[in-house]
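Worksheet: one structure, shown below.
The values are calculated or read from the model by the stated rules, or taken from the named source; none is laboratory data. Since this is a predicted model, take the numbers as computed values, not measurements. Glycine gets a Cβ as well: all are built from the backbone with ideal geometry, and neighbour counts include every protein chain shown. Surface accessibility is based on the protein's heavy atoms, side chains included, excluding ligands, DNA and RNA. Shrake-Rupley method; radii C 1.70, N 1.55, O 1.52, S 1.80 Å.
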Amino acid sequence: KIPLKELERLAETPDEKIKVQQFDKTHGMKNNHCLGAVFTFVDSKENLWVPTQGGVVLLNPEQVTSAETNATAVIEGVSADGNAIQMSEVTSIPPGTDRVSIDFTGISFRNVEKLTFRYKLDPFDDDWIETSNERNALYTNLSPGAYTFQLQTGIDDKYFEPASIEIDIEATWYQTTWARILITFLVITAGLGIYYARVKSLTSQNKRLEEMVSSRTSELERQKRELTLALRNLSNAQDQMVETEKMASLGVLAAGVAHEINNPLNFIQGGVLGLERFLDESDPTSKQDIPKLIEVMKEGVERASKIVASLNEFSHQGQDEMERCEVHHIIENCLTMLHHKMKHSVEVTRELSDGNPIVMGNNGKLHQAFLNIITNGVQAIEGKGTVNISSTVKDHQITIDFKDSGKGIKKEDIPKITQPFYTTKDPGEGTGLGLSITYSIIKEMGGNLSFYSENGNGTTVSITLPLDS
């Protein structure tokens, strides 16, 4: 029998259980098995005519009652690891037991086949465990302590008075409170021992590391001092190389400069001799030839002064002094000093930018850099040729290009020409330091030095320098 309300509730919540009332011999049925619900007939008075194996039964669902029944729960025995334990007021389970089994049954004078059971082991189980066919409760690996096993029997979801027994699972020695305290103490002691041993080891390692760091620091300080001394010596050597190259350049220029100064001195001497002859032979009151003679003497003096001024700027000794350098003026000074080498074989052309570009650097060093580049270009010309000097100003920088029509440089030699002591000239014609020193000077001024050349088609040396802001 299923009430209509239960069917309606089942339609709304299909997952929930519904209450079903079963009719059997206790309700007047001739047999517990009917021939099928399809053959059941409901008459006008809502009586049920149910066919069974014992005949047809007439039931009025509203008046059907069953005889009162009762069932008693019985706990039959307890075993530990398969060994029976005698039950008492408090049943003791030996220490070290892995499996505890409790056998039970139920007694009923009616409806034995409907007996169901549920049991619970407090405080191990949170809720009742239901069973119908099994007559045994099995527990494994229970912790030592006191437990209460409760058993109930029931018929048609009605459970009766429970039966219970007290169970005490004894603890092994290592499960006792004193053993746990001892084990905890030993674990803490071992942990502290390991901790202090680790601290001691780390302290020893730290001490060794400090000694290594101190030793390494001392070694680094020593290497730093050695490197500082080496850099100082290298800087001094570089300065000496610059001065050596400068003196070598001065030596090369000496003969030509002497010749260049000798020409204006001849002008002056000629003017003086002309004045002497004029004073000896002419009427002192006639002065029309005197201005011409004085003009010749002035030209000689100016040319000599210009050459001496150029040499003076070239030999300027303020190597660590940063000053304003007039780029075009320095180029003209260098051409003046090299005039004796170029006047018969090399034609110099200029394409200089407007204005007076100024860079920050050392006048003497920049003279030396330009002089080295122009000298190399002149020496690269076999017979007659040209040297073109141009300058352009862009993006707060000036670029000076020195282009000669000489024999050029082989492609494989270009990366090497700024290396100290490397030269492509014949023995005795160069030290191999000129371009190396020039490269250092330009880099020191924050500039760039580059070369463009083809063997047999001349060379262009390009210098880029930042303008003075």
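Residues of the stretch 124-138 with amide nitrogen under 11 Å from the 7 Å Cα-to-Cβ point of S108? Within reach of a label on S108, which here means backbone N under 11 Å from a point 7 Å along Cα→Cβ, the stretch 124-138 contributes nothing. Using 0.36 nm per residue and subtracting the Cα-Cα separation, the extra length available between E332 and T177 on full extension is 45.2 nm.
Taking the Cα centre as origin and putting +1 on Lys and Arg beta-carbons and -1 on Asp and Glu beta-carbons, what dipole magnitude results for the stretch 338-407, to the nearest 20 debye? Working shown, then result.
On the way: 8 positive and 7 negative charges, 50 e Å.
So the dipole magnitude of the stretch 338-407 works out to roughly 240 debye.
At 1.4 Å probe radius, can you tell me the per residue accessible area of the stretch 344-469 in Å²? Walk me through the numbers on the way to the answer.
Values: 6450 Å² over 126 residues.
Counting only protein heavy atoms, the per-residue value for the stretch 344-469 is 51 Å².
In this structure the stretch 73-118 gives 55 Å² per residue of accessible area when probed at 1.4 Å with all protein chains present.
Could you compute the FRET efficiency for L202 and L229, with r as their C-beta to C-beta distance and R0 at 51 Å, rounded to 0.05? Could the numbers behind the result be given before it?
On the way: r = 40 Å, r/R0 = 0.78.
Calculated transfer efficiency: 0.80.
On the stretch 150-225, 61 percent of the accessible area sits on carbon and sulfur atoms, based on a 1.4 Å probe. As a calculated quantity, the FRET efficiency between S390 and E321 at R0 = 30 Å, using C-beta atoms, amounts to about 0.55. Applying a threshold of 18 Å to the alpha-carbon distances of K343/K407; K410/K443; K365/K407; K17/K158; K384/K407 flags K343/K407; K410/K443; K365/K407 as lying beyond it.
Extending 7 Å from the Cα toward the beta-carbon at both E347 and N141 defines two label points whose distance is 10.8 nm.
Taking other residues whose beta carbon is less than 10 angstrom from the beta carbon of G154, and scoring Lys, Arg as +1 and Asp, Glu as -1, yields 0.
Considering only the other residues whose Cβ falls under 9 Å of the Cβ of S92, what net charge follows from Lys and Arg at +1 and Asp and Glu at -1?
Working: positive: none; negative: D168, E170.
Net of charged neighbours comes to -2.
The heavy atoms of I169 offer some 10 square angstrom of accessible surface to a 1.4 angstrom probe.
Remark: the stretch 324-469 is approximated by an ellipsoid whose semi-axes, taken from the C-alpha gyration tensor as √(5λ), come to 23, 18, 14 Å, largest first.
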